[in-house]
Amino acid sequence: MNELSQVEKILKRYLPENLANLFNRACINAEITRLSRITKLDKTNVEIWSACRPKAFMWQVSAGKGFTKKQAIITAIMEALEGYVCESYLNSYPLDVTINPANPISLIHLKSESKKLLGVTPIINKEEITWIKAREIKSGEDVYVPLYWAYLSNNASKFGMVTNGLSGGLNNKSAIRHGICELIERHYISSIFEKGAANKNVVKKINIRSVITLLEQSLNFQDENLFCINFIVITTSKVPTIWCIIFDESPLSPNLSVNFGSKSSISLEDAVIGSFTEACQQRASQIQGVREDLSDHIAIPCSAKVKRLKDFINSLQSVCIDDLEYNSNCDPLEGLPGPIYQIPIFSKLSHIENIFFYKHVAPKATFKQGLF
């Protein structure tokens, strides 16, 4: 009898048998070799796990979070699988690719949106673009979009900026909803900043006492005075969208003095919890020594910028979470203006059984400018 791998032992210990078997097969296929619990590296009790994929192109370690070990383990694996799926796509000859598309999208809107971010109108020559088949999911129309939309590319500044998100799920519906909510999150978080300054008209501060019951199981209250936790709600979004900022008055290192998390979800409670656990995951990953950016230097917020951010938060109107009203039956598609394009090719190329992946793209320039 073969000895169980470290990954399989963890999965069988914390996941139901059907999920343990499903994710073990996925981990073998993607060559995820180790799962690590890094919860106790930080001052909260939020479950943070990491999944190691040594043969990854860029990010060998992916982190996941949750209020339970099951949630955190699955999230960490899904993050690693998303990277694997992207690489599988890049290593394969994509389907439905052409230089002479029958129904290409108009790039006029893309030019205007990109100018907002880049400051100049990109010079887009259709003859230089390779196109890939996609579906505009609001209308159901099959169209062709620029191939570089499907992955990170240096051509973005040349051909125009877009907001994209890769998402996965155990069924098509959850994978698609996850991807759309990611686009909503990025669109509305970036809308806080206009022309290098924060826009107070689109946000309110949630009274921390009104959400403390959601967080009490994850906070180590002997350290509560070391944290200043702030939740900002984006009032212009039809879908609950929360930005969490954690200030640490006695950080282990300067880059932990302020950390961020954000989340859009059909459930307001899930958006609050998701933004908080993401900020905690960011902290634990930094303590572990894992970075999710490719810049040359670690970003350490200067005291002047931290003060500006605190002043901005303190200037906001406060609201209790119970006073926020959303339509729980809202279609996530209604939460984002403009077209949304879906590229399902990742599901075809991943070779991961019963886990679905999609790339969603919105030709909307989003970028966190201003204070940070």
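Quick note: the coordinates plus some simple rules give every number you see, no bench work behind them. Only a predicted model underlies this, so the values are computations on that prediction, with no experimental measurement involved. For neighbour counting, all protein chains shown are included, and Cβ atoms are generated from backbone atoms with ideal geometry for every residue, glycine included.
How much length is gained on full extension from SER267 to LYS69, taking 0.36 nm per residue of separation minus their Cα-Cα distance?
69.2 nm
If R0 is 30 Å, what FRET efficiency do you get for LYS138 and SER92 from their C-beta distance, rounded to 0.05?
The calculated FRET efficiency here is 0.60.
Would you please name the chymotrypsin sites (Phe, Trp or Tyr not before Pro) within the stretch 48-92 that are DSSP coil residues with at most 12 other C-beta atoms within 10 Å of their C-beta? Provide the component values of the computation, followed by the final result.
Working: sites: TRP49, PHE57, TRP59, PHE67, TYR84, TYR89; in loops: PHE57, TRP59, PHE67.
Answer by residue number: PHE57.
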